[in-house]
Structures are given as C-alpha cells and as structure tokens.
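Every number here is computed from the coordinates shown, using simple stated rules; none is lab data. Predicted, not measured: the structure shown is a model, and the values here were computed from it. We place every Cβ from the backbone using ideal geometry, glycine too, and count neighbours over all the protein chains shown.
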Amino acid sequence: MTFPSPQEAADLLRRLLDGDPVAAPLICEAYLAPLLCSLRRKRPHADPHLVEQAVHDALLDFLARPDKYRPDKSALASFLRLAADGDLKNLLAGERRKKNRREDVELDSLARKDSRSDQPLLRLALQEETADMLDTVRQVAEESSPSQRVVLGLILDGVRATEPFAQALGVGDLPPEQQRRAVYREKDKINKRLKRRHLP
Amino acid sequence: MNDPLAGLARRAEGRPEFLAALLAAFARSDGLDDAALAAHLGCDPGKLPAVRLCLAPGEEPAQMRDDVRRIADHFGLREEALRKAVTRGRVLLLMRQNEGGLTLAARDREGER
C-alpha cells in the first residue's frame, strides 16, 4: 500500500487541473487504499466506518476543489492524509456529541417529573440546562483527584453529614474538629470549581 | 471481494461535481439497478464505480461532448447512451434543486400570511 511516486502524483494532478474527467477515478484508485491504511494505522481505535468516511470525504473534497491544494507546500499524499485526519477528528467529535445527547435524553426522564415539563419549550430548556450542568460536572470531575471525585459525588447526592466525606477523604480517624476542617476545605475547593463554571 | 471504490462512488452520488450524481438521478428516474445501468452504458457492472467517480462533464455543449467522449473512450462505454444519461441526469438534478427552492419559497409565503 504505497502512495504514487512524486512523478505519478504530478501527472495525475496535471490531468485533473487540465479538466480531464477521467483523472478523478485514477486518483481515487491510486490514493484510496494507502490513505485508508495510513489513517487506520494512525487511529487504530477509531471506528473503521468513520475512518472510511473521513478518507472518502477528503478525497472527494480534493477532487471537487483541487485548487485548494498547493503543490509547492506539501506532497499530495501528505495533504490528503492531513485532510482525512481532520475529517476523522470532526466525525469523532460529532459522535461524542451524539453520545452525550443520548445520555442527556435519558436524564430528560428526570426532568419530566418536573410539572413545568408539560410545556414543550420549557422541557427543551430544562433538557439544555441539564446538559450544561452535566458537562460542568464532567469537567470538574476530570480535574479532580479520585478522593475529590467521591466528594463531588456526595455533594451531588445531597449528603450533608461530615462522616461520609471524612471517610472518602481518608481522615475518618482524625479528631472531629480536624475532620470537619478537612471536609470543609475539600468541599469548598469543589464548590468553587463548580461556581467558576456557573453551576450554583 | 468488494471493490474498494464502490463505497466512495456511492458517497459521490450526493455531490453534483461527480458523474455519480448524474447517473444516480438518471437511474432512479428510469428505475435502473446497477446491472441495468451498466447494460444501458454498454459496460461491465464492475466498471461502474470508476465511471461514477469521473468528474461531471462540463455544462457547455462543446465541453460536454468532449468530456463525454473522453469518458466513453476510456471505459469503452456507448457514447450516445452516456450523453443521454448525463443530459437527463443534469435536468433531473436541476428540477430537484428548483423543487427545493419552490418548496422553500412556498414555505416563506406561508410564513408571511
């Protein structure tokens, strides 16, 4: 699976720019397999269908607008590899957004319990609000230590007693006053992180 | 084994820059499957993916004739059949675009009321 030589690439490009309608399938035949191979190697864990879609889009975009490629800047193979990788990143980001939305829809069932959710617009607003909140919580969790994540979970569960927090932080053996201070300190840090992201 | 170009050619059907879009519109209007389309063009169905990936012939009559001839010569297609498919396909795509425009315009008018 090798890309065409610089001479072959230059010939194919010249034919395409000269308006030869047959140049497009010749370029596809020459570049499709090596591009797929290269992107699969670079992103081995990506969904193979998305990899294929990204390579297809990169090739078709180039063939439809070959003037976007500057031969003096890079080899055609590099240009196409970069374009396909960029398309793949966009597709993967889209998939992530879809997955998040699916999770949010599940949370929507919670929002339905709210009497206001009988009204479609309000329900949509609630859904968006819930999605934003979830996003914030995810971000805060990502930048927290494992014990802070447990504290975050307890805060979200509405726990108020000091003891569960102290156990989570590993300070359950300290005198009560010191436990209370340690718990307060950690809860305060997390609350500030949530507030920085406008979560009340 | 599947032709690796087949998936790419199918994806090109949504892009009017490629012959694939014109052939898809033509085949749909005549109810042709791949085998029937290949028979119409006078080629082996295995050649269809590469044929579909050609750039759409130019719109100027002289340019279109020239492009159709080059494609037909390269793939051994029946030139007249390809020309008919290209012309019909282009008209069908234009009609669809106009229909889309008319529908939007109708919606706009509806919204103004």
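Highest GNM mean-square fluctuation, chain B, Cα pairs closer than 10 Å: which of B:Ala39, B:Ala24, B:Ala56?
Among B:Ala39, B:Ala24, B:Ala56, the largest GNM mean-square fluctuation belongs to B:Ala39.
Name the residues of the range A:154-178 whose amide N is less than 16 Å from a point 7 angstrom out from the Cα of A:Ser145 along the C-beta direction?
A:165-174
According to a simple spin-label model (label point 7 Å from Cα along Cα-to-Cβ), what is the distance in nm between A:Val105 and A:Lys195?
According to this spin-label approximation, the distance is 3.7 nm.
Just to be sure I understand: if I project the alpha-carbon convex hull of chain A onto a plane and average over all orientations, what area do I get in nm²?
With the hull built on Cα positions only, its mean projection is 17.7 nm².
Can you give me the angle between helix A:6-17 and the longest principal axis of chain A, using Cα atoms only, in degrees from 0 to 90, rounded to the nearest 10?
With rounding to tens, the tilt is 90 degrees.
For labels at A:Thr2 and B:Arg65 in the simple 7 Å Cα→Cβ model, what's the distance in nm?
Between A:Thr2 and B:Arg65, the label points sit 4.4 nm apart.
Using the Karplus equation 6.51 cos²θ - 1.76 cosθ + 1.60 (θ = phi - 60°), what ³J(HN,Hα) coupling, rounded to whole Hz, does each residue of the range A:162-168 give in order, writing x for Gly and Pro?
Result, rounded to whole Hz: 6, 4, x, 5, 4, 4, 4.
Rounded to whole Hz and in sequence order, give me ³J(HN,Hα) for the range A:26-31 from the Karplus expression 6.51 cos²θ - 1.76 cosθ + 1.60, θ = phi - 60°, writing x for Gly and Pro.
After applying 6.51 cos²θ - 1.76 cosθ + 1.60, I find 5, 5, 4, 4, 6, 10 Hz.
Sum -39500 (n - 2.57) across every DSSP H segment of at least 4 residues in chain A, then divide by the residue count to get the 222 nm mean residue ellipticity, nearest 500.
Helix-only estimate at 222 nm: -25500 deg cm²/dmol.
Can you tell me how much longer the chain between A:Val159 and A:Leu82 gets when fully stretched, taken as 0.36 nm per residue apart minus their C-alpha distance, in nm with one decimal?
That works out to 22.8 nm of additional length.
Which one, A:Asp18, A:Asp61, A:Asp47, has the greatest fluctuation when you compute a Gaussian network model over chain A with C-alpha springs under 10 angstrom?
Comparing A:Asp18, A:Asp61, A:Asp47 in the GNM, the peak value goes to A:Asp18.
Which of A:Asp104, A:Asp173, A:Asp135 moves most in a GNM of chain A, Cα contacts under 10 Å?
Looking only at A:Asp104, A:Asp173, A:Asp135, the largest GNM fluctuation is found for A:Asp173.
Given a cut-off of under 8 Å on Cα pairs at least six residues apart, what relative contact order in percent is computed for chain A?
The value is 13 percent.
Counting only residues 5 or more places away or on other chains, whose amide H sits under 5 Å from the amide H of B:Cys54 once H atoms are built in the peptide plane?
Residues meeting the criterion, in which the H sits 1.01 Å from N, are B:Leu19, B:Ala20.
Show me, bin by bin at 5 Å from 0, the whole-percent P(r) of the range B:44-89 based on Cα pairs.
5, 23, 37, 26, 8, 2
If you plug each phi of the range B:60-65 into the Karplus form 6.51 cos²θ - 1.76 cosθ + 1.60 with θ = phi - 60°, what whole-Hz ³J(HN,Hα) values come out, in order, with x for Gly and Pro?
These are the phi-based 3J(HN,Hα) values: 5, x, 5, 5, 5, 4 Hz.
Say each of A:Asn90 and A:Asp72 gets a label point 7 Å from the Cα, pointing the same way as Cα to Cβ; how far apart are those two points in nm?
2.7
To the nearest 20 debye, what is the magnitude of the charge dipole of the protein assembly as shown about its Cα centre, counting +1 on the Cβ of each Lys and Arg and -1 on the Cβ of each Asp and Glu?
980
Could you work out how far helix A:120-142 tilts from the main Cα principal axis of chain A, as a 0 to 90 degree angle to the nearest 10?
Approximately 90 degrees, to the nearest 10.
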